[in-house]
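The values are calculated or read from the model by the stated rules, or taken from the named source; none is laboratory data. These numbers come from a predicted model, not from an experiment. So basically every Cβ, Gly included, is an ideal-geometry build from the backbone, and we count neighbours across all protein chains shown. The protein model used for the area step is the full one, side chains on, heavy atoms only, and it has no ligands, DNA or RNA in it. Shrake-Rupley method; radii C 1.70, N 1.55, O 1.52, S 1.80 Å.
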Amino acid sequence: MSTFSQSTKHNKTYKETLGALEALINHTVPSGISTLSQNGFADSSHAQRTRVVPPQNPHKQFYNLKAMNSYVNVLKLPHQKLSYIHMAGTKGKGSTCAFCESILRNEGYKTGLFTSPHLIDVRERIRIDGIPVPKAVFVDTVWDIFDGLKQSELFPSMTTYFRFITLVALKCFLDAKVDVAIMECGLGGRLDATNIIRPDVCGISSIGYDHCSVLGKTLDKIAFEKAGIMKKNVPVVVQPQSSEEIMPVFEEHSKKVGAPLYVSPTFDKWESANNLHSITLGLHGTHQRMNASLALSLTDIWKLSQDIKKSTGGKDISSSSSPITIESTTSDSGGLSEIQPHKLTSNTLQGLTECKLGGRSQHIEFPIHKLHFYLDGAHTKESLTYAFQWFQKAAEKRGAEEDSWIQDLSSDEELEEINHLAPMLHGRGEETLSDGDNLEERPLRYLVFNYTGGRDANQLLEPFIKKREFFDRVFFVPTDSSHFSFSKVHELSDSDREQLENLQQVWADNSSSKIFTRINTLLEDLFSPNNSSEYHRERHIFVTGSMYLVGDFLRKLSALKQSRTQKE
């Protein structure tokens, strides 16, 4: 029987499975898991409640590859049977992966997509043909891997959440017999848990400052870590970079490992090659044009590698004596080889148009309440600048098309969320515009912001502070989600409150800014008719700064949408 059946052979619930994964997040042994003790015998005594991090702290990135290679051997997981596209970068790597998946799926290939983080449900990280794996499949695969890893001397001491989820993804893709597995690095590249794979092509998106405590505090050091996914004879395509110190790092490393290096062209060159004034993209914003171009380049090379495999009896390109030949020209800057754009098929164009990825340039509206939510999980200075540009243009298009990516909510906790939030929808009823409503009046613009991960508040807010007058109100609010739990109830800590107060201080305009201690309180304020001075105005709310924050808003807005659908 295929593991993609709807029954769970392990007799475990989805909630129990999430609890086991949460134990990994907190570096404890999941409840009910027996492990090998030092004398080689199984031991499950109270281990699930104790920390399991040895003095050397093998949860550091340095141990990723050792642990992952050990695990795939213990599990006898033939992960190299899969054909991969491997993606690293600071900004846009998730979007590029989503474009790759949509293009290849529309061209008839069976796709697997592994991205992070998730917004609402962990299964968003692992998609087959664009759809998150079913709960029953996820549950069975998780417990299959737990059972297999019990035989490893590195379990549980070196089992981290991301390493484990990567294994789950690989097994799901193998069981589903996907044609291509598109893998996004979690952090960096060189030492990332995904870097045990042997891809047919690698991609590196734009490089910027992020995770500096792990990857380095300079762009060249960060670029070196990203370049670590390069492999001998495996083509690598990089986006044009904004800082001059980045590309030399890529060139040097590609020569060192023997990886052919290419630059993706600007998107307008693809449009010119297709005699199109403008190609519509499913992911909005001018910055997505760069990601779409990289995706077109990567999928072209991947398809070429599959043709070569067929003609050579399945020989892996990374083990061939010479790299494959790819049509290219000399780039406009730097003299590097640039991928040559060409005529695209209707299926490829459809893939670009239909691409969806939650929390990226996303618009959700409640027209009766005159509320438009714009969500983007940008969390670096550069990506926030791009996201802000998208919001400014999108907000000008009053009545812009709503994004169709709304999460379906079905768990008991999520239904409880719906029941809690639903009364917000009843304040306005089905009324139309009143005589006092002025269609010519400019919509009000609100910014909702927070960040995670010890980033610099001054840098992150800089793009908005430069145009402070653009926003009528600014709200700083904590997330419900956290790094350490699947629970969506996050108690406000002293450090959370201190961060919110620091954000307000950086904004330096208390008259327009306000701190909310819960997202629900903010939503109640936005939907409440008691706020008579603003309730009858059209309001555009830009939620950004953190994928966790965007995920929480998306979950709650989806709940409200679902509640309204159930009413109707």
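Some points to look at:
- Taking label points 7 Å from Cα along the Cα-to-Cβ direction, Thr452 and Ser213 give a separation of 1.4 nm.
- Loop trypsin sites (Lys or Arg not before Pro), the stretch 176-230, which have at most 15 other Cβ atoms in a 10 Å radius of their Cβ (DSSP): Lys177, Lys217
- Rounded FRET efficiency, nearest 0.05, which uses the C-beta distance separating Gln459 from Asp494 and R0 of 22 Å: 0.40
- Gain upon complete extension [Arg468, Lys356; 0.36 nm per residue less C-alpha separation]: 37.3 nm
- For the stretch 497-549, the set of chymotrypsin sites (Phe, Trp or Tyr not before Pro) satisfying both a DSSP loop assignment and a count of at most 14 other C-beta atoms within 10 Å is empty.
- Förster-model FRET efficiency, 41 Å R0, Lys221 and Gln80, C-beta, rounded to 0.05: 0.85
- Around the amide H of Val474, modelled in the peptide plane, lie the amide H atoms of Leu447, Ser513, Lys514, all under 5 Å away and 5 or more residues distant in sequence or on another chain.
- Ordered from highest to lowest accessible area with the whole protein assembly present and a 1.4 Å probe, His211, His363 read as His211, His363.
- On full extension, the segment bounded by Lys309 and Lys397 gains 26.9 nm, given 0.36 nm per residue less the C-alpha separation.
- Extension gain, Glu16 back to Ile368 (0.36 nm per residue minus Cα-Cα distance, nm): 122.8 nm
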